[in-house]
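Below you'll find the structure, written out as C-alpha coordinates, and then a few comments.
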Amino acid sequence: NADGTINKREIRWLERCAEGGFGMIITCCTNVSKNGKGWIGEFEVYDDRFLHGMIDLQKAIRKHGALSIVQLFHAGSRSPIAVIGEQPISSSPYVSGNQHKYLVKENYGFDKPKEMTIEDIDQVVKD
(Lines give C-alpha, C1' and ligand atoms only; values in the text may rest on other atoms or scores of the structure.)
Protein backbone atom coordinates (compact mmCIF):
# COMPACT_ATOMS: atom_id res chain seq x y z
CA ASN A 1 0.00 0.00 0.00
CA ALA A 2 1.08 3.59 -0.49
CA ASP A 3 1.14 4.06 3.31
CA GLY A 4 3.74 1.29 3.74
CA THR A 5 1.38 -1.33 5.16
CA ILE A 6 1.28 -4.76 3.58
CA ASN A 7 -1.87 -5.27 1.52
CA LYS A 8 -4.27 -8.21 1.58
CA ARG A 9 -3.32 -9.31 -1.96
CA GLU A 10 0.33 -9.67 -0.95
CA ILE A 11 -0.60 -11.60 2.17
CA ARG A 12 -2.79 -13.91 0.11
CA TRP A 13 -0.06 -14.41 -2.53
CA LEU A 14 2.53 -15.36 0.09
CA GLU A 15 -0.01 -17.58 1.86
CA ARG A 16 -0.66 -19.40 -1.43
CA CYS A 17 3.08 -20.06 -1.73
CA ALA A 18 2.99 -21.64 1.74
CA GLU A 19 -0.13 -23.65 0.80
CA GLY A 20 1.69 -24.89 -2.27
CA GLY A 21 4.51 -26.38 -0.21
CA PHE A 22 7.13 -23.66 0.11
CA GLY A 23 8.94 -24.33 3.39
CA MET A 24 10.22 -20.79 3.86
CA ILE A 25 8.67 -17.53 2.67
CA ILE A 26 10.82 -14.39 2.48
CA THR A 27 9.10 -11.07 1.88
CA CYS A 28 10.28 -8.58 -0.68
CA CYS A 29 12.34 -5.63 0.58
CA THR A 30 10.90 -4.19 3.78
CA ASN A 31 12.41 -0.88 4.76
CA VAL A 32 13.58 -0.28 8.31
CA SER A 33 13.78 3.52 8.27
CA LYS A 34 11.48 6.21 6.93
CA ASN A 35 14.40 7.64 4.93
CA GLY A 36 15.30 4.21 3.53
CA LYS A 37 12.26 3.65 1.34
CA GLY A 38 13.11 2.73 -2.26
CA TRP A 39 9.69 3.01 -3.90
CA ILE A 40 6.05 3.76 -3.18
CA GLY A 41 4.25 0.64 -2.04
CA GLU A 42 7.29 -0.91 -0.33
CA PHE A 43 6.50 -2.64 2.99
CA GLU A 44 7.70 -0.76 6.04
CA VAL A 45 8.54 -1.96 9.56
CA TYR A 46 10.17 1.04 11.22
CA ASP A 47 7.05 1.84 13.28
CA ASP A 48 4.55 -0.19 15.31
CA ARG A 49 1.71 0.91 13.00
CA PHE A 50 3.01 -1.65 10.47
CA LEU A 51 3.02 -4.51 12.97
CA HIS A 52 -0.62 -5.63 12.52
CA GLY A 53 -0.19 -6.43 8.82
CA MET A 54 3.09 -8.25 9.41
CA ILE A 55 1.47 -10.34 12.15
CA ASP A 56 -1.39 -11.20 9.75
CA LEU A 57 1.21 -12.25 7.18
CA GLN A 58 3.10 -14.39 9.67
CA LYS A 59 -0.08 -16.15 10.82
CA ALA A 60 -1.19 -16.83 7.23
CA ILE A 61 2.16 -18.40 6.38
CA ARG A 62 2.61 -20.35 9.61
CA LYS A 63 -0.80 -21.99 9.44
CA HIS A 64 0.53 -23.93 6.43
CA GLY A 65 3.72 -24.98 8.23
CA ALA A 66 6.12 -22.60 6.47
CA LEU A 67 8.63 -20.30 8.12
CA SER A 68 8.26 -16.57 7.55
CA ILE A 69 11.17 -14.17 7.15
CA VAL A 70 11.05 -10.41 6.63
CA GLN A 71 13.80 -9.14 4.32
CA LEU A 72 15.10 -6.03 6.08
CA PHE A 73 16.19 -3.29 3.71
CA HIS A 74 17.40 0.30 3.52
CA ALA A 75 17.61 1.71 -0.02
CA GLY A 76 20.40 4.14 0.94
CA SER A 77 21.62 6.01 -2.12
CA ARG A 78 18.73 4.52 -4.12
CA SER A 79 16.07 6.23 -1.98
CA PRO A 80 14.46 8.84 -4.26
CA ILE A 81 13.91 12.33 -2.84
CA ALA A 82 10.46 12.17 -4.49
CA VAL A 83 9.59 9.20 -2.23
CA ILE A 84 11.31 10.06 1.07
CA GLY A 85 11.09 13.85 0.93
CA GLU A 86 14.74 14.49 1.77
CA GLN A 87 18.24 13.86 0.47
CA PRO A 88 19.05 10.15 0.70
CA ILE A 89 21.78 8.93 3.03
CA SER A 90 24.42 6.34 2.26
CA SER A 91 27.78 5.05 3.39
CA SER A 92 29.42 7.49 0.98
CA PRO A 93 28.40 10.56 -1.01
CA TYR A 94 28.74 8.60 -4.26
CA VAL A 95 26.02 6.87 -6.19
CA SER A 96 26.71 3.16 -6.57
CA GLY A 97 28.65 2.39 -9.74
CA ASN A 98 31.05 5.34 -9.84
CA GLN A 99 33.36 6.23 -6.97
CA HIS A 100 35.28 8.93 -8.89
CA LYS A 101 32.68 11.66 -9.18
CA TYR A 102 29.27 12.56 -7.87
CA LEU A 103 26.57 11.18 -10.07
CA VAL A 104 23.32 13.02 -10.39
CA LYS A 105 20.01 12.39 -12.12
CA GLU A 106 21.41 12.95 -15.60
CA ASN A 107 23.64 9.90 -15.16
CA TYR A 108 21.83 7.06 -13.46
CA GLY A 109 18.58 8.67 -12.37
CA PHE A 110 19.48 8.68 -8.67
CA ASP A 111 19.71 11.65 -6.35
CA LYS A 112 23.15 12.41 -4.87
CA PRO A 113 23.28 10.93 -1.35
CA LYS A 114 24.62 12.53 1.79
CA GLU A 115 27.40 10.61 3.53
CA MET A 116 26.02 9.17 6.77
CA THR A 117 27.18 10.59 10.08
CA ILE A 118 27.61 8.49 13.21
CA GLU A 119 24.23 9.90 14.32
CA ASP A 120 22.62 8.76 11.05
CA ILE A 121 24.04 5.26 11.51
CA ASP A 122 22.84 5.13 15.13
CA GLN A 123 19.35 6.19 13.99
CA VAL A 124 19.11 3.47 11.33
CA VAL A 125 20.24 0.87 13.91
CA LYS A 126 17.65 2.22 16.37
CA ASP A 127 14.90 2.13 13.71
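The values are calculated or read from the model by the stated rules, or taken from the named source; none is laboratory data. In this text, all values refer to a predicted model and were calculated from it rather than measured experimentally. Cβ: placed from backbone, ideal geometry, glycine included. Neighbour counts: every protein chain shown. Just the protein is used for accessible areas: all its heavy atoms, side chains included, with ligands, DNA and RNA removed. Shrake-Rupley method; radii C 1.70, N 1.55, O 1.52, S 1.80 Å.
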ask   = By the scheme Lys and Arg +1, Asp and Glu -1, what is the net charge of all other residues having a beta-carbon under 10 Å from that of His74?
value = +1
request  = Heavy atoms only, probe 1.4 Å: what % of the accessible area of the chain goes to carbon and sulfur, would you let me know?
outcome  = 54
message = Please give the charge dipole size of the range 1-85, origin at the Cα centre, charges +1 on K and R Cβ atoms and -1 on D and E Cβ atoms. Round to the nearest 20 debye.
response = 140
task = State which entries of Lys8/Lys37; Lys37/Lys59; Lys59/Lys114; Lys8/Lys34 exceed 30 angstrom in Cα-Cα distance in the structure shown.
result = Lys59/Lys114
remark   = Row for the chain, column shape: gyration tensor on C-alpha, a ≥ b ≥ c, rounded if a/c < 1.5 i.e. under 1.5, prolate if a/b over b/c, else oblate; value prolate
Sites matching trypsin sites (Lys or Arg not before Pro) across the range 3-72 that sit in DSSP coil, with at most 11 neighbouring C-beta atoms within 10 Å = Lys63
